[in-house]
Ligand code: ADP
Ligand code: ADP
């Protein structure tokens, strides 16, 4: 069955209908691209699926549990233990070094510093940014920063990685490198990836595409 599934999601912001009957499903280890034009509801869908924003109606089931049936505390705990996040901009803490940034989710989950930083370095090696461990985010390039962010998203061993335009601020060469490393890393741990993008060359790294238009979603066969 599906690891994460949504049925008939509706979400409004005042007069704006962001989601209007959207549906979604993803299996363990699957990489699904959520495509569609700007303003079509992609980010809102991702925020609902990740339990960050409650839909007005419709159901979201993760690992057999209905998200709306969980308390806020249980939902945050689930996000910390089972989900990883990569966003387009500004997600690294500027005052921390790169290794401290990657170790942060483990530290917040209560891991001792040495252990957390050892695990962080292992992920930084896989993302080929271990040489940046002592640098601060302001001292690394955009592509390097996104690879540090991917390492941070994966360090807790999430079952789902939510990536919202993870290459949106990068040139195509760096964007492709980030996608290659992100999808390889996710596949090696059987993590599913929900990838929001409006770029076909980024979606090409997915197993399947869902297209959102005016808040509605459609499954697309991958045409190769
Ligand atoms: P098509 O263009 O092939 O007729 P639609 O775009 O109408 O398909 O719908 C595609 C999918 O999106 C359907 O499988 C349906 O489940 C879902 N969907 C679209 N709009 C709604 C809605 N208002 N309520 C529930 N599901 C919807
Ligand atoms: P996309 O990610 O496809 O660009 P979004 O999900 O960000 O689309 O937005 C869908 C629609 O909902 C847009 O019209 C957007 O302006 C609106 N919207 C999204 N978030 C909010 C919000 N927090 N407050 C008001 N309107 C919002």
- Return only the number of the condition from (1) surrounded by fewer than 17 Cβ atoms within 10 Å (Cβ to Cβ); (2) more than 22 Å from residue 178 (Cβ to Cβ); (3) touching a strand residue (DSSP E or B) at 6+ places or on another chain (Cβ under 7 Å) that residue 16 does not satisfy. (3)
- If you take the residues in the stretch 183-204 that are surrounded by fewer than 21 Cβ atoms within 10 Å (Cβ to Cβ) and part of a loop (DSSP other than H, G, I, E, B), which one is farthest from ligand 1 (Cβ to nearest atom)? 190
- Task: Kindly check whether there is at least one residue in the stretch 36-47 that is in contact (Cβ under 8 Å) with a residue 60 or more places away in the chain, more than 13 Å from ligand 2 (Cβ to nearest atom) and buried (at least 19 other Cβ atoms within 10 Å of the Cβ).
- Result: no
- residue 146 vs. criteria under 25 Å from residue 176 (Cβ atoms) and not in a helix (DSSP H, G or I): no
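Among the residues of the stretch 64-79, is there at least one that is surrounded by fewer than 20 Cβ atoms within 10 Å (Cβ to Cβ), within 14 Å of ligand 1 (Cβ to nearest atom) and either within 19 Å of the chain's Cα centre (by Cα) or touching a residue at least 60 places away in the same chain (Cβ under 8 Å) (or both)?
Within the stretch 64-79, the first condition is being surrounded by fewer than 20 Cβ atoms within 10 Å (Cβ to Cβ), and the residues that meet it are 64-66, 68-79.
Among the residues that remain, those that are also within 14 Å of ligand 1 (Cβ to nearest atom) are: none.
No - not one qualifying residue is present in the stretch 64-79.
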- Item | Selection status of residue 218, modelled with pLDDT under 95, within 22 Å of residue 3 (Cβ to Cβ) and part of a loop (DSSP other than H, G, I, E, B) | no
- Query: Of all residues in the stretch 5-30, which are more than 16 Å from ligand 2 (Cβ to nearest atom) and in a strand (DSSP E or B)?
  - Reply: 5, 7, 8, 25, 26
- Which number in (1) in a loop (DSSP other than H, G, I, E, B); (2) more than 16 Å from ligand 1 (Cβ to nearest atom); (3) more than 20 Å from residue 200 (Cβ to Cβ) marks the one condition that residue 2 misses? (2)
- So which pairs qualify, if the first residue must be in the stretch 8-29 and within 30 Å of residue 188 (Cα to Cα), the second must be within 14 Å of ligand 2 (Cβ to nearest atom) and not in a strand (DSSP E or B), the Cβ gap must be under 7 Å, and the two must be at least 6 apart or on different chains? 22/41; 22/45; 22/215; 24/45; 24/49
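The values are calculated or read from the model by the stated rules, or taken from the named source; none is laboratory data. Note that this is a predicted model, so its numbers are computed, not measured. Every residue, glycine among them, receives a Cβ derived from its backbone with ideal geometry; neighbour counts consider all protein chains shown.
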